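Visitor: Mind looking over this structure? Questions follow.
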């Protein structure tokens with residue numbers, strides 16, 4: 001009797017671990033597919049505009065962004081005039097900022113990753129994609145939910161022990177049909193909600209169905225927000241690794 005009971009317990013334990021592993025693998029595959037869709041499987045080049053809304057003022061920016069995989073990204077500010085030419089570079093886990101007005105190259109320390117990029121509600125980590133939502137987190141499929149009439153996968157992301165990331169937890173709602181990140185909630189290490197990102201204006205750009213607008217709303221400041229509009233985007237464009245260099249930061253226009 002004890003032998004049969006032991007076998008049953010072992011069998012249930014194996015089945016539970018198998019189901020848990022399968023669920024985690026499925027959740028990670030969904031997140032990767034959604035991330036690839038927005039970033040490109042190999043690379044992307046995008047022209048974007050940003051509106052930073054505050055209770056007493058509104059600020060507008062325009063910029064161009066190049067990405068290649070999870071290792072490389074370059075962002076060039078094109079408007080307004082006083083910010084034009086500022087460039088941000090990511091290579092692996094290192095990041096720099098070039099400011100042509102003062103002819104100064106600054107290496108951004110990890111402590112600056114949680115700060116707002118160009119005074120917006122996007123962090124430096126968000127804007128430059130320092131962390132990887134695929135590799136730096138463990139994924140759990142929580143179930144299903146509906147966002148803006150879209151049936152979505154409801155997924156929790158918890159940082160791996162070795163990951164140097166900004167967030168203590170991320171919750172994502174990814175549409176089942178087009179793998180669009182419809183809604184994302186970002187939590188701090190104490191699991192307090194910091195901000196929510198919403199996808200708007202779903203359309204076809206760069207040959208795929210994506211949101212052309214993203215809105216960030218801080219949890220503690222609901223009367224302010226940042227809106228990013230994708231003006232144009234190309235995916236999987238050949239870009240050499242050498243493009244992402246400090247020398248090129250000073251040259252690109």
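Visitor: Give region 221-235 a look and list any residue that's surrounded by fewer than 18 Cβ atoms within 10 Å (Cβ to Cβ) and either part of a strand (DSSP E or B) or in contact (Cβ under 8 Å) with a residue 24 or more places away in the chain (or both), or say none.
Guide: 223, 224, 229, 231, 232, 234 - these are the residues of region 221-235 that are surrounded by fewer than 18 Cβ atoms within 10 Å (Cβ to Cβ) and either part of a strand (DSSP E or B) or in contact (Cβ under 8 Å) with a residue 24 or more places away in the chain (or both).
Visitor: Would you point out which residue out of 118, 172 is under 23 Å from residue 204 (Cβ atoms) and surrounded by 15 or more Cβ atoms within 10 Å (Cβ to Cβ)?
Guide: 172 is the lone residue from the list that is under 23 Å from residue 204 (Cβ atoms) and surrounded by 15 or more Cβ atoms within 10 Å (Cβ to Cβ).
Visitor: Okay, next question. If you go through region 164-182, how many residues are in a strand (DSSP E or B) and either touching a helix residue (DSSP H, G or I) at 6+ places or on another chain (Cβ under 9 Å) or within 18 Å of residue 32 (Cβ to Cβ) (or both)?
Guide: 8
Residue by residue, here is whether (1) touching a helix residue (DSSP H, G or I) at 6+ places or on another chain (Cβ under 9 Å); (2) at pLDDT 90 or above holds:
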site	(1), (2)
11	no, no
37	no, yes
59	yes, yes
77	yes, yes
87	yes, yes
108	yes, no
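Here is a yes/no grid of residues against (1) in contact with a helix residue (DSSP H, G or I) (Cβ under 7 Å, 6 or more places away or on another chain); (2) outside any strand (DSSP E or B):
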{"position": "90", "(1), (2)": "yes, no"}
{"position": "97", "(1), (2)": "no, no"}
{"position": "102", "(1), (2)": "no, yes"}
{"position": "105", "(1), (2)": "yes, no"}
{"position": "111", "(1), (2)": "no, yes"}
{"position": "121", "(1), (2)": "no, yes"}
{"position": "125", "(1), (2)": "no, yes"}
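Visitor: Would it be correct to say that residue 30 is at pLDDT 95 or above, outside any strand (DSSP E or B), more than 21 Å from residue 249 (Cβ to Cβ) and in contact with a strand residue (DSSP E or B) (Cβ under 6 Å, 6 or more places away or on another chain)?
Guide: The answer is yes for residue 30.
Visitor: Further question on the same structure: Which condition does residue 111 not pass, out of (1) without any contact (Cβ under 8 Å) to a residue 60 or more places away in the chain; (2) in contact with a strand residue (DSSP E or B) (Cβ under 7 Å, 6 or more places away or on another chain); (3) more than 25 Å from residue 201 (Cα to Cα); (4) exposed (fewer than 15 other Cβ atoms within 10 Å of the Cβ), if it passes all the others?
Guide: (2)
Visitor: Go through (1) crowded, with 19+ Cβ neighbours inside 10 Å; (2) farther than 19 Å from residue 26 by Cβ for residue 159 and report which single condition fails.
Guide: (1)
Visitor: So which of 161, 191 ends up being part of a loop (DSSP other than H, G, I, E, B), without any contact (Cβ under 8 Å) to a residue 12 or more places away in the chain and over 30 Å from residue 252 (Cβ atoms)? Don't jump to the end; show me each part of the working.
Guide: On the way: 191 fails: without any contact (Cβ under 8 Å) to a residue 12 or more places away in the chain.
None of the others qualify; the one that does is 161.
Visitor: Give me the pairs: first residue in region 47-59 and part of a strand (DSSP E or B), second residue loosely packed, with under 10 Cβ neighbours inside 10 Å and at pLDDT below 95, beta-carbon distance under 9 Å, and six or more apart or on different chains, which are they?
Guide: Short answer, once both residue conditions are applied: 53/223.
Visitor: Residue check: is residue 73 buried (at least 20 other Cβ atoms within 10 Å of the Cβ) and modelled with pLDDT under 95?
Guide: Taking the combined requirement at face value, the residue satisfies it.
Visitor: Still on this model: Going by what's in this entry, would residue 145 be described as at negative phi, surrounded by 17 or more Cβ atoms within 10 Å (Cβ to Cβ) and in contact (Cβ under 8 Å) with a residue 12 or more places away in the chain?
Guide: Criteria not met by residue 145.
Visitor: What's the number of the only condition in (1) within 24 Å of residue 66 (Cα to Cα); (2) modelled with pLDDT of 95 or more; (3) crowded, with 19+ Cβ neighbours inside 10 Å that residue 238 fails to meet?
Guide: With respect to (1) within 24 Å of residue 66 (Cα to Cα); (2) modelled with pLDDT of 95 or more; (3) crowded, with 19+ Cβ neighbours inside 10 Å, residue 238 is out only on (3).
Visitor: The conditions are (1) touching a residue at least 24 places away in the same chain (Cβ under 8 Å); (2) under 24 Å from residue 174 (Cβ atoms), and residue 65 fails exactly one of them. Which is it?
Guide: Unmet for residue 65, out of (1) touching a residue at least 24 places away in the same chain (Cβ under 8 Å); (2) under 24 Å from residue 174 (Cβ atoms): (1).
The values are calculated or read from the model by the stated rules, or taken from the named source; none is laboratory data. All figures in this text were calculated on a predicted structure; none of them were measured in a lab. Neighbour counts run over all protein chains shown; Cβ positions are idealised from the backbone, glycine included.
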